[in-house]
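Contents: one structure, followed by commentary.
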Amino acid sequence: MLYENFNGDKGSKVDFLRHILYTGYRFNDKFVFNSEIEFEHASTGKYGSASVEFAYLDYLATDYLALRAGLLLVPMGLTNEFHEPNVFLGARRPETERQIIPTTWRENGFGALGSIGMLNYRAYVINGLNASGFSSGGLRGGRQKGSKAKASDLAFVGRLDLAPRPGVFFGGSVYRGGSDQGQFSLNGRDLDVMTTIGEVHAQVQLRGFDVRALYARSTVQDVEGLNEVRSLIGNQSIGETLQGGYFQVGYNVLSQFHETLGLSPYYRFEQLDTQNKVPLGFSTDPARDGTFNTLGLEFKPIFNIVVKSDYQWNRNQAGTGRNQWNLALGYSF
């Protein structure tokens with residue numbers, strides 16, 4: 001549940017943001033099924049929805065290799081695969097992992113994953129994004145979510161992480177695939193909206209500290225043609241280049257005194273520009289180039305339950321950013 005209070009005339013709102021039910025089954029030592037069903041915004045009769053968050057079958061081939069197929073969480077960033085409210089700091093997810101890595105992001109596909117020593121890997125083939133949903137605000141609208149997904153263009157996504165000790169890992173991932181899905185043509189030419197997303201990340205959780213950093217960059221090809229067929233003009237242009245990143249640090253002040261209670265102040269600095277570069281003849285919207293400072297406090301009576309509150313100073317080049325206060329109650333079991 002999330003409460004948001006905005007400066008200015010936007011007002012306040014309280015939202016039962018999401019409720020997720022997990023279902024899994026182990027058929028035998030080799031075959032395992034995992035899934036989550038997500039209910040958003042409390043009621044499908046109003047603004048809410050019910051959808052499958054993920055649903056996949058694993059075949060555990062060896063100690064180092066598993067094969068996976070189904071509706072897959074795309075293995076990018078620090079939040080997309082691990083987005084339960086008790087495992088990340090902040091009442092709201094980082095903007096970079098909403099607009100460039102469009103968390104929560106899941107697509108239909110298959111692939112392999114496993115661990116070899118300190119190295120963890122994942123590599124999938126999935127349906128590509130749908131550029132009809134791209135906007136000046138990022139790639140989030142291009143998610144297909146497994147629902148009658150257009151698959152004229154497929155994509156590859158791969159990830160590598162190095163975990164030298166428990167609580168510490170760093171690595172990166174890359175996604176590349178077409179996003180036009182055979183929908184767009186201009187002057188007799190089919191558009192080729194190739195989309196590439198790359199990111200590097202690091203996370204350290206030691207002795208009460210939780211430190212995270214991420215940088216993501218995306219490129220989209222044939223944006224000039226895409227803008228024309230979608231009638232986007234001026235500063236409405238989709239970004240040819242998008243980039244963003246954040247650094248975040250938190251510390252559990254009770255970590256040396258109590259095994260279950262947690263009280264963690266945290267701070268996150270983030271910059272995001274979803275129109276870092278646009279085609280000639282188009283302009284950028286200064287509101288898309290923003291800086292976010294978040295200062296908050298998280299309380300965990302037990303690991304599975306969290307109450308967190310933070311204040312965000314939101315600035316952009318247009319001077320239209322609104323500060324806001326957020327309060328969230330979360331749980332996972």
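The values are calculated or read from the model by the stated rules, or taken from the named source; none is laboratory data. All values derive from a computational prediction rather than experimental measurement. Glycine gets a Cβ as well: all are built from the backbone with ideal geometry, and neighbour counts include every protein chain shown. Quick note on the areas: whole protein, heavy atoms, side chains included, nothing else; ligands and nucleic acids left out. Shrake-Rupley method; radii C 1.70, N 1.55, O 1.52, S 1.80 Å.
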Which one, GLN144, GLY114, LEU17, projects farthest toward the positive side of the charge dipole computed for segment 1-144 from Cβ point charges (K/R +1, D/E -1)?
GLN144
Sum of -39500 (n - 2.57) over DSSP H runs of 4+, divided by residues of the chain (222 nm, nearest 500)
-500 deg cm²/dmol
When ligands, DNA and RNA are left out and all protein chains stay put, how many square angstrom of accessible area per residue does the chain have with a 1.4 Å probe?
48
Points 7 angstrom from Cα along the Cβ direction at LEU263 and THR320: gap in nanometres?
4.2
Using each residue's phi in segment 118-134, evaluate 6.51 cos²θ - 1.76 cosθ + 1.60 at θ = phi - 60° and report the 3J(HN,Hα) Karplus result to the nearest Hz, with x for Gly and Pro.
7, 9, 10, 9, 8, 8, 10, 10, 9, 5, x, 5, 10, 5, 5, x, 5
Once normalised by the length of segment 210-308, the mean sequence separation of its alpha carbon contacts under 8 Å that are 6 or more apart gives a contact order in percent of 28
Using θ = phi - 60° and the Karplus curve 6.51 cos²θ - 1.76 cosθ + 1.60, what whole-Hz ³J(HN,Hα) does each residue of segment 58-73 get, with Gly and Pro shown as x?
9, 10, 7, 5, 9, 5, 10, 9, 10, 9, 9, 8, x, 8, 10, 6
Restricted to Cα positions, what overall size does segment 1-100 have along the principal axes? Three whole-Å values, descending.
57, 30, 21
Hits among aspartates and glutamates - C-alpha to C-alpha of LYS30 under 17 Å, sequence gap 8 or more where chains match
ASP58, ASP63
Using θ = phi - 60° and Karplus 6.51 cos²θ - 1.76 cosθ + 1.60, couplings along segment 286-301 (whole Hz; Gly, Pro as x):
x, 6, 7, 9, x, 10, 10, 10, 10, 10, x, 9, 10, 10, 10, x
Of the labelled options (1) 1.24; (2) 1.02; (3) 0.92, which one gives Cα Rg over 2.2 N^0.38 Å as computed for this structure?
(2)
Among residues other than LEU327 whose Cβ falls under 13 Å from its Cβ, what is the net charge (Lys/Arg +1, Asp/Glu -1)?
-1
Rounded, prolate or oblate: which one fits segment 79-151, using the alpha carbon gyration tensor with axes a ≥ b ≥ c (rounded when a/c is under 1.5, else prolate when a/b beats b/c, else oblate)?
oblate
